[in-house]
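The values are calculated or read from the model by the stated rules, or taken from the named source; none is laboratory data. Computed from a predicted structure; not experimentally measured. Using ideal geometry, Cβ is built from the backbone for each residue, glycine included, and neighbour counts are taken over all protein chains shown.
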Amino acid sequence: MLVGELLEQLVVDAVRTALGVEISRAEALVRPSAPERGGDYQSNVAMGLAKGLGRPSRDIADAVVSAVDPAGMLEPPTVGGPGFVNLRLRDDWLGAQLTALVDDDRLGVPQAAHPQRVVVDHSGPNVAKEMHVGHLRSTIIGDAIVRMKQFLGHEVIRRNHLGDWGTPFGMLVERLLEVGRVEGEDLNAFYRAARAAFDSDPEFADRARARVVALQSGDEETLAHWRKLVAESQEHVERVYRALGVQLTAADSYGESFYDPFLADTVDELGPLLQESDGALCAFRDGESAPIIVRKSDGGYTYATTDLAALRYWTQDRDATELIYVIGAPQRQHLVMVFATATAAGWLDERHRAVHVSFGSVLGDDGRMLRTRSGDSVKLVDLLDEAVERAAAVIGERSDLDVSAVARAVGIGAVKYADLSSSREKDYAFTWDRMLATDGNTSVYLQYANARIRSILRKAGDTTGARGIVVHERTERALAIALLRLPAAIDAADRSCTPRTLCGHLHELAAEFSRFYEGRPILGDPSRLGLTRLTSRALVLGLDLLGIAAPERM
Ligand code: ARG
């Protein structure tokens, strides 16, 4: 059990003994506190119970405190204010816990009790279109979720729902035939040219429409051209994935085309749930909103049909028990309707669950959607190049470093961390100076903290063999407690698919370390060196779960 859980249990037991009342662990209301306020943790259980029991909370707290069994873990608890129960961990207990972490390569993070088969739908760029910052958030947040789930022992399937199918491919294939190749590096220009031809040239438009029919009926020649387009885009996005250092590869692509063979069956199976409207088949209507169309009046299928087919495939054929959709907030209503339809169809149930991990837009300095000066949405490759250049400037000229490797770790890390540490559901402003600040809640700050620790450990010879960790003074205790809270921070980030919680904890840990460091010398003190080494391991692990590298030297 994690520290917080152990304390909750002590309070639950004390409440039973003192008051004969059975409460849940959550009702123990245990929260991290601070020694200045009387404890490392605090329980507000007395306030929670006062009304129901008709007794002053202070009385209840006194009764609970006298019944708490400190179990070698706690100093005798005290009561503060209107009835806070202050819980202070014993120094020897802390020391023993920290000592145990030295040989634990999971740093106290338990494996999931019930491993799930989790599908993380993320990234989802569109073929023959430039990947933009909107896809950036999905890719970065999705990758962090993938890493956390893997570390917790779940079976994770990375799923990249590439937009590689549907009516635009008629005009795109025709354009490809006209010009022979996708011009230059600029996929957006290619897409725009195809669209312009489609809108202005009726003959081109006719050919494009015929092409869609050929594509969907499996015409080999058309498919060959289509594959060429998909392959070009796949290469393009893989360059971005490699630059970002995310786990996604071509093997994780389950594009819309993958589900094409299942669309007709999916609609059949939905049969009884569908209604006809002007020749189209519709499912689920939520109040005023338009229903989702699963088959258009011309017999064509839609984005929603594909998502339903995918959901059916992953739950029914692949028995995935948790489906996580990392998709921007504008698609909320779409997913609400898809999930409701899938629930009605029996594809989602107690055992197979789906969640929408929603996120806001990326805004520029001006508070508007991030755009280039010419008004186009920003190209991701350019953005990442700029991040690395700016990071190199922050690091400066150094002869003792592989500056380009460190700049990559710092620049890419900054882009990811800025995203991961902001409120996921809200829009966030992309501000270079803030994300590359060397103090504050940034990845550079964490990377510097770790590099500083690594240099101390190198000086110490890194072979101190520190086994016994003893904690005593205030900053040692605070650092020790922050280290023990890492598992809870990871658990909270994982549960809510909000890496921000983990970012906040790592920042706190690094800040505790610097207070500890300013205290007494570390070199020559095996216990303090042990704490120092654990701090580095925790930072490296935490950053790794966020998909961020931690250079040894900076
Ligand atoms: N290609 C879509 C877009 O760019 C994102 C796909 C998200 N995943 C999904 N299963 N619908 O908006």
Which listed residue, of ARG485, ARG520, ARG533, is under 22 Å from ALA96 (Cα atoms), of a type outside the set (Val, Ile, Thr) and touching a Pro at 6+ places or on another chain (Cβ under 9 Å): ARG485
Positions within region 389-434 being assigned to a helix (DSSP H, G or I) and touching a strand residue (DSSP E or B) at 6+ places or on another chain (Cβ under 8 Å), in sequence order: ALA418, ASP419
Hits in region 118-142 - residues which are more than 17 Å from the chain's Cα centre (by Cα) and closer than 25 Å to ALA320 by Cα: PRO125, ASN126
Subset of region 431-448 (residues that are surrounded by 22 or more Cβ atoms within 10 Å (Cβ to Cβ) and touching a residue at least 60 places away in the same chain (Cβ under 8 Å)): SER443, LEU446, GLN447
Residue in region 119-126 that is charged (D, E, K, R), touching a Phe, Trp or Tyr at 6+ places or on another chain (Cβ under 9 Å) and either more than 16 Å from the ligand (Cβ to nearest atom) or part of a loop (DSSP other than H, G, I, E, B) (or both) present: no
Residue count for region 312-351, restricted to those that are within 15 Å of the ligand (Cβ to nearest atom) and either of a type in the set (Phe, Trp, Tyr) or under 19 Å from ALA264 (Cβ atoms) (or both): 10
GLY184 being part of a loop (DSSP other than H, G, I, E, B), at pLDDT 95 or above, surrounded by fewer than 18 Cβ atoms within 10 Å (Cβ to Cβ) and more than 16 Å from the ligand (Cβ to nearest atom): no
From the options ALA309, ALA290, residue that is assigned to a helix (DSSP H, G or I) and either modelled with pLDDT of 95 or more or within 25 Å of PHE339 (Cβ to Cβ) (or both): ALA309
Cross-chain or 6+ apart pairs with Cβ under 8 Å, region 1-27 first and over 11 Å from ALA63 (Cα atoms), then surrounded by fewer than 17 Cβ atoms within 10 Å (Cβ to Cβ) and of a type in the set (S, T, N, Q): MET1/GLN9; VAL12/SER24; ARG25/GLN9
Any hit, region 352-372, residues being among the aromatic types (Phe, Trp, Tyr), in contact (Cβ under 8 Å) with a residue 40 or more places away in the chain, outside any helix (DSSP H, G or I) and crowded, with 16+ Cβ neighbours inside 10 Å: yes
Residues that are in a helix (DSSP H, G or I), touching a residue at least 12 places away in the same chain (Cβ under 8 Å) and either more than 16 Å from the ligand (Cβ to nearest atom) or in contact with a strand residue (DSSP E or B) (Cβ under 9 Å, 6 or more places away or on another chain) (or both), drawn from region 242-264: ALA243, LEU244, ALA250, ASP252, GLU256, LEU263
Any hit, region 435-450, residues being among the β-branched types (Val, Ile, Thr), outside any helix (DSSP H, G or I) and at pLDDT 95 or above: yes
Residue, surrounded by the fewest Cβ atoms within 10 Å (Cβ to Cβ), within region 97-118, restricted to residues that are in contact with a Lys or Arg (Cβ under 9 Å, 6 or more places away or on another chain) and under 14 Å from GLY468 (Cα atoms): ASP103
Residue among ARG242, ARG209 that is over 18 Å from ALA128 (Cα atoms) and of a type outside the set (Ser, Thr, Tyr): ARG242
Residue within region 94-116 that is on the phi > 0 side of the Ramachandran plot and modelled with pLDDT of 95 or more present: yes
Qualifying residues in region 127-175 (those that are more than 9 Å from the ligand (Cβ to nearest atom) and among the basic types (Lys, Arg)) - the one nearest to ASN188 (Cα to Cα): ARG175
Inter-residue pairs, beta-carbon under 9 Å, first part of a helix (DSSP H, G or I) and in region 314-327, second among the basic types (Lys, Arg) and surrounded by 18 or more Cβ atoms within 10 Å (Cβ to Cβ), 6+ apart: TRP314/ARG159
Filtered residue count, region 328-342, keeping only those that are touching a residue at least 40 places away in the same chain (Cβ under 8 Å) and in a helix (DSSP H, G or I): 8
Unique match (being of a type in the set (S, T, N, Q) and within 25 Å of ALA418 (Cα to Cα)) among SER200, SER138: SER138
Some residue of region 48-68 being β-branched (Val, Ile, Thr) and assigned to a strand (DSSP E or B): no
Residue in region 78-89 that is on the phi < 0 side of the Ramachandran plot and assigned to a loop (DSSP other than H, G, I, E, B) present: yes
Any chance ILE140 is buried (at least 22 other Cβ atoms within 10 Å of the Cβ), outside any loop (DSSP other than H, G, I, E, B) and among the β-branched types (Val, Ile, Thr): yes
Filter pass, GLY346 being in a loop (DSSP other than H, G, I, E, B), touching a residue at least 60 places away in the same chain (Cβ under 8 Å), farther than 24 Å from THR498 by Cβ and out of contact with any Lys or Arg (no Cβ under 7 Å at 6 or more places or on another chain): no
Selected residue (only one of ARG495, ARG515 is among the basic types (Lys, Arg), surrounded by fewer than 20 Cβ atoms within 10 Å (Cβ to Cβ) and under 24 Å from ASP439 (Cβ atoms)): ARG515
Every residue from region 208-241 that is more than 16 Å from the ligand (Cβ to nearest atom) and farther than 16 Å from PHE169 by Cα: GLU235, GLU238, ARG239
Region 261-298, subset buried (at least 18 other Cβ atoms within 10 Å of the Cβ) and not hydrophobic (A, V, I, L, M, F, W, C), residue farthest from the chain's Cα centre (by Cα): ARG295
